[in-house]
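Here the structure comes first, spelled out in structure tokens, and everything after it is commentary.
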Amino acid sequence: GGGFGDLILNGALFFEDFSDKQVSVQRADDSGNLNRFTTNAGSVEVIGTEFDFVWQPPLEGLTFAGGYTWLPKAKYEELLDSNDSAFQITGAGNCVIEIIDTEPRCLISSAGKRLEMAPKHSASLRGSYTRPLYNSGINWFVEGDALYLSKRFDSRDNLTTFDSYHQLDLRAGLQAENWEVLLFVDNVT
């Protein structure tokens, strides 16, 4: 409190050890068509930290909030898949030949690959300012949200990535108890 306003800070360090995480794999069926199947990864580990805040400065109606997450480790520790898909074998980059029903297949490992859709860095920031419109029972407001995600892989083979991403959204409007008028722009940049 005081002259600085009200500030709430939260932080966490975390370690997550998943057993039997469900992942999607491609395999050929008896007629040679590729189909998606769900299998269990033996082990996935995630180590990270996150921080978030909410700040209400001494200016009434003004609020800022944000957060940051850092995932230095988010990878498969163990994921073995018996597969005959050239795409999956190439993506894994390894193969131990095994014979199943007299047919050769590859036992591929994704151990050491980064978990899909897990950026190392992500951050968000939000600001809003709300004030009453005279004594009408209506509030006017302006808001903005910013989001950042660093590069991340789209699948467990780690061959294809989504580039880092940022977005800025803006909103302004009027709000009463039972209605709202809103003007917004998504992805200003």
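Laid out as a table, the results:
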{"quantity": "Lone qualifier among Y165, Y134 - being open to solvent by 40 Å² or more (accessible area, probe 1.4 Å), within 26 Å of P58 (Cβ to Cβ) and among the hydroxyl-bearing types (S, T, Y)", "calculated": "Y134"}
{"quantity": "Pairs with Cβ under 9 Å, 6+ apart, first in the stretch 126-139 and without any contact (Cβ under 8 Å) to a residue 60 or more places away in the chain, second part of a strand (DSSP E or B) and among the hydroxyl-bearing types (S, T, Y)", "calculated": "N139/T130"}
{"quantity": "Qualifying residue in the stretch 94-114 (condition: within 23 Å of E60 (Cβ to Cβ) and either modelled with pLDDT of 95 or more or of a type in the set (K, R) (or both))", "calculated": "no"}
{"quantity": "In the stretch 137-157, the residues that are surrounded by 15 or more Cβ atoms within 10 Å (Cβ to Cβ), outside any strand (DSSP E or B), touching a strand residue (DSSP E or B) at 6+ places or on another chain (Cβ under 8 Å) and not small (G, A, S)", "calculated": "I138, R156"}
{"quantity": "First in the stretch 46-73 and under 12 Å from L125 (Cα atoms), second anywhere and in a loop (DSSP other than H, G, I, E, B), Cβ under 8 Å, 6 or more apart", "calculated": "W55/G5; F64/P57"}
{"quantity": "Test: E45 is modelled with pLDDT of 75 or more and surrounded by fewer than 12 Cβ atoms within 10 Å (Cβ to Cβ)", "calculated": "no"}
{"quantity": "Positions within the stretch 71-99 being open to solvent by 60 Å² or more (accessible area, probe 1.4 Å), in contact with an Asp or Glu (Cβ under 9 Å, 6 or more places away or on another chain) and more than 30 Å from D52 (Cβ to Cβ), in sequence order", "calculated": "D84, F87, T90, G93"}
{"quantity": "L183 being out of contact with any Leu (no Cβ under 7 Å at 6 or more places or on another chain), over 20 Å from G66 (Cβ atoms) and in a loop (DSSP other than H, G, I, E, B)", "calculated": "no"}
{"quantity": "Qualifying residues in the stretch 1-34 (those that are modelled with pLDDT under 70 and within 30 Å of L59 (Cα to Cα)) - the one surrounded by the fewest Cβ atoms within 10 Å (Cβ to Cβ)", "calculated": "G2"}
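Here is a yes/no grid of residues against (1) open to solvent by less than 40 Å² (accessible area, probe 1.4 Å); (2) out of contact with any Gly (no Cβ under 6 Å at 6 or more places or on another chain); (3) part of a strand (DSSP E or B); (4) among the β-branched types (V, I, T):
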{"position": "M117", "(1), (2), (3), (4)": "no, yes, no, no"}
{"position": "G127", "(1), (2), (3), (4)": "yes, no, yes, no"}
{"position": "L159", "(1), (2), (3), (4)": "no, no, no, no"}
{"position": "L174", "(1), (2), (3), (4)": "no, yes, yes, no"}
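The values are calculated or read from the model by the stated rules, or taken from the named source; none is laboratory data. These numbers were taken from a predicted model, which means no experiment stands behind them. Cβ: placed from backbone, ideal geometry, glycine included. Neighbour counts: every protein chain shown. Just the protein is used for accessible areas: all its heavy atoms, side chains included, with ligands, DNA and RNA removed. Shrake-Rupley method; radii C 1.70, N 1.55, O 1.52, S 1.80 Å.
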